[in-house]
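Throughout, read-outs are computed from the coordinates displayed, never taken from laboratory work. Since the model is a prediction, treat every value here as computed from it, not as a measurement. Neighbour counts run over all protein chains shown; Cβ positions are idealised from the backbone, glycine included.
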Amino acid sequence: MELVNNVICPFCGTLCDDIICKVENEEIVGTYNACRIGHSKFVHAEGAMRYTKPLLRKNGEFVEISYDEAIEKAAQILVDAKRPVMYGWSCTDCASQEVGMELAEEVRAVIDNTASVCHGPSLLAVHDTGYPVCTLGEVKNRADVVVYWGCNPFHAHPRHIARHSYARGFFRERGRPDRTMIVVDPRNSDTAKLADIHLQLEYNKDYELVDAMRSALKGHDILYDEVAGIPREQIIGAVEALKKAQFGILFFGMGITHSLGKHRNIDTAIMMTQELNQFAKWTLIPMRGHYNVNGFNQVCTWESGYPFCVDFATGEPRYNPGETGTNDLLQNKEADAMMVIASDPGAHFPQRALQTMIEIPLISIEPHRTPTTELADLIIPPAIVGMEAEGTAYRMDGVPLRMKKVVESDLLTDNQILTKILERAQELEASK
């Protein structure tokens, strides 16, 4: 048995980089240091749910075809479509995302990633207000006040607290005793049970609570006995704890990005973070979900000037979330073809969007059986980045990390598949 050290986990945006994989006969059979979810992703990469050959739906049944046939079919679908959508991109590497951007421009598609249904409001707020971010290394070594707002890392990012918020750092030698944790969540979550202060606000009242905290921060009176279900005295006490920090960090998740107010919640939270810098050093980091969802937003911005929901219909990038988002196009029945890569909208999109996905040609570049592949007309299985292929991914704090290839695979990588589709699409476009 071989041990492969310093492997980066391709599960969540924490991108834990200390995983040790146990390898036998080119198969990962165990791990050290990984959380339960990360371990499951490593050791269950193979199995009955794994695709090993491209599949094409004929007469309602899937039949095996070659990679060349699959690439020809995929290119033909995208070139023939008048309004193709290319969605996903959050569980693959940056080089593949870059090829995807070129392909979207070639076939004049809308290209979008999972941020449009998770941290899209955060990206809109950053346009308005800025981005006072730091690295997870700074959190580990410096932070003495840690706020988790609208997220539950105990389950969603299982090693996040232990590796960063509770860890012993250069200026926090004792770890947990040197830190104050504040959790803002309407539920008494497992993360909230670890908190020193739990602000258990009412649902959809995040904006009101941030606004009240900003008022107290500026020395104004809070006019009501309670705001968002939280007594005035508790709000003032929490604000005093924020002001006394030496280095504070606000981690925020979908509990605030998707409650009433959406990106305006993040606007005002960013402004509060900026205002706190009059008293202490304060930063924030969004709790990104898929391991390279941040990477796509970086790549998309380099290539087009916009982070997601980019429409190449006119040959130039156009950006209008709410119109050029994948869900909007599907629910309005504007899309006439769709390619899904490195995500599973079939498990998460609303019924109206799924109905359109059933009606139009659907390509799925996916290693495992999912609700999306059950709807697909064409399935192209890739090697898995971070296990069977190397590549670069961006951690939730914007730090790029190089992911290792741990075992060999006979499957093409996402990059190779997309490059071949792009080359064939260019040939088809040239012959028109």
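Here the residues 157, 258, ranked from fewest to most Cβ neighbours within 10 Å of their Cβ, fall in the order 258, 157.
Taking a ≥ b ≥ c as the square roots of the Cα gyration tensor eigenvalues, with a/c under 1.5 meaning rounded and otherwise prolate when a/b beats b/c, else oblate, which class fits the stretch 120-286? Judged from the Cα gyration tensor, the stretch 120-286 comes out rounded (a/c under 1.5). When exposed loop sites are taken as chymotrypsin sites (Phe, Trp or Tyr not before Pro) in a DSSP loop with at most 16 other Cβ atoms within 10 Å, the longest stretch of the chain clear of them is 1-169.
Provide the FRET efficiency to the nearest 0.05 for the residue 423-residue 29 pair, computing r from the beta carbons and using R0 = 51 Å. Here the calculated transfer efficiency is 0.85. The distance from the alpha carbon centre of the stretch 83-142 to that of the stretch 299-335 is 12 Å, rounded to a whole number.
Working from label points 7 Å from Cα in the Cα-to-Cβ sense, the residue 50 to residue 141 distance is 3.9 nm. The relative contact order of the chain comes to 24 percent, based on Cα pairs under 8 Å that sit 6 or more residues apart. Here the calculated FRET efficiency for residue 1 and residue 281, from their Cβ-Cβ distance with R0 = 51 Å, stands at 0.65, rounded to the nearest 0.05. Annotation: lysines with alpha-carbon distance below 18 angstrom to residue 41 (same-chain offsets under eight excluded): 22, 404, 405. For residue 140, the lysines whose Cα falls under 22 Å of its own Cα, not counting residues fewer than eight places away in the same chain, are 193, 243, 244, 281. Secondary-structure-derived ellipticity at 222 nm for the chain, considering helices only, amounts to -10000 deg cm²/dmol, per-run term -39500 (n - 2.57) for DSSP H runs with n ≥ 4. Calculate how steeply helix 232-243 sits against the longest principal axis of the alpha-carbon atoms of the chain, using the helix alpha-carbon long axis, and give the answer as 0 to 90 degrees to the nearest 10. Between helix and principal axis, roughly 80 degrees.
The calculated FRET efficiency for the pair residue 170 and residue 37, based on their C-beta separation and a Förster distance of 25 Å, comes to about 0.30.
Peptides 378-386, 53-61 ranked from most to least packed give 378-386, 53-61, packing being the mean of other C-beta atoms within 10 angstrom over each peptide's residues. Which distance in nm do the two modelled labels at residue 68 and residue 202 give, with both placed 7 Å along the Cα-to-Cβ direction? Output for this residue pair reads 6.7 nm.
Cross-link partners among lysines for residue 58, C-alpha distance below 18 Å, same-chain residues fewer than 8 apart left out? Correct list for residue 58: 73. Spatially, the stretch 50-70 and the stretch 211-285 are offset by 52 Å when compared through their Cα centroids.
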